[in-house]
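The values are calculated or read from the model by the stated rules, or taken from the named source; none is laboratory data. Keep in mind the model is a prediction, meaning the values are calculated, not measured. No Cβ is skipped: glycine too gets one built from the backbone with ideal geometry, and neighbour counts run over all protein chains shown. For accessibility, only protein heavy atoms count, side chains too; no ligands or nucleic acids. Shrake-Rupley method; radii C 1.70, N 1.55, O 1.52, S 1.80 Å.
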Amino acid sequence: MSYRKRLADTLLDEKLESFGATLITGPKGCGKTTTAKQKAASIIEFQDEDRREEYLSVANTQPSKLLVGATPRLFDEWQDAPKIWGAIRKSVDDRLETGLYILTGSTSQTVTTPHTGTLRISTMKMYPMSLYESGESNGTVSLGMLFEHPEQFDGCKSDLDIDGIIYALCRGGWPSTLKIKSEKAKLNVARDLYAQTVNVDISNVDNIRRNPVWAENILKSYSRNICTLADIKTIYKDVSASTEISESTFFDYVSALEKLFIIEDIDAWCPAIRSKTAIRASKKRNLIDPSIAVAAMHLTPDYFNTDFKTLGFLFESLCFRDLKVYSSARDGRMSYYHDRYGLEADAVLHLGNGQYAIMEIKLGSHEIDEGAKHLLQIESLVKKYNEEETQVPLRLPDLKIVLTATEYGYRREDGVFVIPLACLRE
């Protein structure tokens with residue numbers, strides 16, 4: 001199977017151009033090693049059983065010997081030989097060159113190193129595949145071009161129907177599914193990843209034995225509350241109702257799941273357009289990929305034929321995943337807006353240059369008007385604030401978008417863009 005290009009390829013090129021070494025992080029199974037191999041000129045694989053003992057012996061006694069080879073030199077599963085970190089750090093200092101080394105490894109083990117690697121070893125985060133990377137978004141709408149030239153948008157049409165959206169979020173963006181022929185069998189990848197997380201990885205991440213049942217219950221509750229503003233203590237109460245777990249232990253498990261890049265909550269956007277007491281500032285609960293939530297709840301694509309409420313929350317999680325991927329080259333970060341008056345923007349996408357888009361995420365066309373209304377109200381609040389606070393005005397949103405699972409995309413007369421997720425790319 002040939003390599004399918006990832007948006008992370010460009011990010012890795014930039015890192016290699018800027019720093020002596022690059023550490024690729026991200027959830028297990030998102031394609032870190034495969035992407036790194038496309039750029040590597042030589043490779044040391046510590047999991048190669050034929051040479052593992054030899055590699056580890058050298059790494060423990062004279063790790064600098066393993067650095068000899070064509071660059072960029074990839075060290076896969078580097079955490080098995082933690083002394084290699086210090087050797088790479090010193091080599092970068094000595095050689096004063098960029099693009100020398102790439103490190104990848106399992107997220108199920110935290111390694112303590114004597115040096116941080118600051119300004120020498122840069123970190124790059126990878127996500128599971130977006131719909132564009134998996135070939136399910138036709139990519140007719142460039143997010144970057146939409147920011148730069150919104151006037152050029154003349155509509156679009158999605159090739160992915162609602163059944164395709166449901167299947168995509170149940171399967172997830174795991175590259176290993178690309179080599180599996182059966183659509184049913186592809187669903188097993190996320191299920192296995194979930195099982196490995198609760199049974200193995202949550203204990204291996206920092207070598208603390210944890211209860212798989214407790215981990216399973218936490219992820220189930222998180223999944224039931226995905227893309228909601230459920231308070232973390234509410235989730236604890238939900239879990240503790242059926243599990244004898246203390247609050248401190250619960251937070252320890254949540255922290256471990258964050259280290260594994262499984263839990264990834266969304267922060268609130270808190271502009272000064274309302275009083276501080278009006279704006280909800282708690283985190284929006286989310287996972288790195290909606291397929292993990294589907295696996296945790298033991299659901300199949302057929303289930304969503306009757307439960308559109310749950311589907312709506314999972315679709316929102318899918319949108320967050322893809323928006324993070326598409327905006328990564330522009331230093332994008334995601335948040336949400338919600339106040340106690342019911343005004344909301346499901347997602348706010350901030351770019352590194354200060355531009356931002358406010359978004360509502362809606363499954364069906366009958367919800368578009370309501371979503372657009374919310375976005376226009378938020379823009380109106382910013383304008384009103386700027387009229388009163390002329391010293392430090394807030395930037396008006398560059399884009400107002402209703403992101404949908406519908407077929408057609410267009411620009412409304414009020415200036416709000418309606419864009420199917422399966423038309424979007426970076």
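Table: residues versus (1) out of contact with any Asp or Glu (no Cβ under 6 Å at 6 or more places or on another chain); (2) in contact (Cβ under 8 Å) with a residue 24 or more places away in the chain.
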position: Ser2; (1), (2): yes, no
position: Leu7; (1), (2): no, yes
position: Leu16; (1), (2): yes, yes
position: Gly31; (1), (2): yes, yes
position: Thr35; (1), (2): yes, yes
position: Glu45; (1), (2): no, yes
position: Glu49; (1), (2): yes, no
position: Glu53; (1), (2): yes, no
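Pairs needed: first member in region 219-239, touching a residue at least 24 places away in the same chain (Cβ under 8 Å); second member anywhere, of a type in the set (Phe, Trp, Tyr); C-beta distance under 7 Å; at least 6 residues apart or different chains.
Ile226/Phe313; Cys227/Phe313; Thr228/Phe313; Ile235/Tyr222; Val239/Phe250
Conditions first: (1) surrounded by fewer than 23 Cβ atoms within 10 Å (Cβ to Cβ); (2) of a type outside the set (Ser, Thr, Tyr); (3) over 19 Å from Pro150 (Cα atoms). Ala372 passes all but one, so which condition is the exception?
That leaves (3) as the condition not met.
Could you look through region 196-206, keep only residues that are more than 20 Å from the chain's Cα centre (by Cα) and either open to solvent by less than 50 Å² (accessible area, probe 1.4 Å) or without any contact (Cβ under 8 Å) to a residue 24 or more places away in the chain (or both), and pick out the one that is nearest to Ala295 (Cα to Cα)? Explain how you work it out, then say what you get.
Of the residues in region 196-206, the ones more than 20 Å from the chain's Cα centre (by Cα) are 199-200, 203-204, 206.
Pick out the ones that are also either open to solvent by less than 50 Å² (accessible area, probe 1.4 Å) or without any contact (Cβ under 8 Å) to a residue 24 or more places away in the chain (or both) and you get 199, 203, 206.
Values: Asn199: 14, Ser203: 20, Asp206: 24 Å.
Within region 196-206, the match that is nearest to Ala295 (Cα to Cα) is Asn199.
Please enumerate the residues belonging to region 218-254 that are under 19 Å from Asp267 (Cα atoms) and not in a helix (DSSP H, G or I).
Scanning region 218-254 gives Asn225, Ile226, Cys227, Thr228, Leu229, Ala230, Asp231.
Would you mind stating whether Gln38 is open to solvent by less than 50 Å² (accessible area, probe 1.4 Å) and either in contact with a Cys (Cβ under 9 Å, 6 or more places away or on another chain) or assigned to a helix (DSSP H, G or I) (or both)?
Working: open to solvent by less than 50 Å² (accessible area, probe 1.4 Å): no; either in contact with a Cys (Cβ under 9 Å, 6 or more places away or on another chain) or assigned to a helix (DSSP H, G or I) (or both): yes.
In short, no.
Identify all residues within region 296-314 that are open to solvent by less than 10 Å² (accessible area, probe 1.4 Å) and within 22 Å of the chain's Cα centre (by Cα); write none if there are none. Step through it out loud before you land on a result.
Within region 296-314, the first condition is being open to solvent by less than 10 Å² (accessible area, probe 1.4 Å), and the residues that meet it are 296, 304, 311, 314.
Result: Ala296, Leu311, Leu314.
Which one of Asp163, Asp192 is without any contact (Cβ under 8 Å) to a residue 12 or more places away in the chain and either more than 22 Å from the chain's Cα centre (by Cα) or assigned to a helix (DSSP H, G or I) (or both)?
Details: Asp163 fails: without any contact (Cβ under 8 Å) to a residue 12 or more places away in the chain.
Just one listed residue meets the conditions, Asp192.
Could you please find all residues in region 16-35 being closer than 23 Å to Phe261 by Cα and open to solvent by 50 Å² or more (accessible area, probe 1.4 Å)?
Across region 16-35, the qualifying residues are Lys28, Thr34.
Is it the case, given these coordinates, that Glu360 is among the charged types (D, E, K, R) and over 23 Å from the mean Cα position of the chain (by Cα)? I'd like the intermediate steps shown before the answer.
Values: among the charged types (D, E, K, R): yes; over 23 Å from the mean Cα position of the chain (by Cα): no.
Criteria not met by Glu360.
Of everything in region 377-396, what is touching a residue at least 12 places away in the same chain (Cβ under 8 Å) and open to solvent by less than 40 Å² (accessible area, probe 1.4 Å)? Give them in sequence order.
Restricting attention to region 377-396, the residues satisfying the condition of being touching a residue at least 12 places away in the same chain (Cβ under 8 Å) are 377-379, 381-385, 389, 394-396.
Residues satisfying the conditions are Ile378, Glu379, Leu381, Val382.
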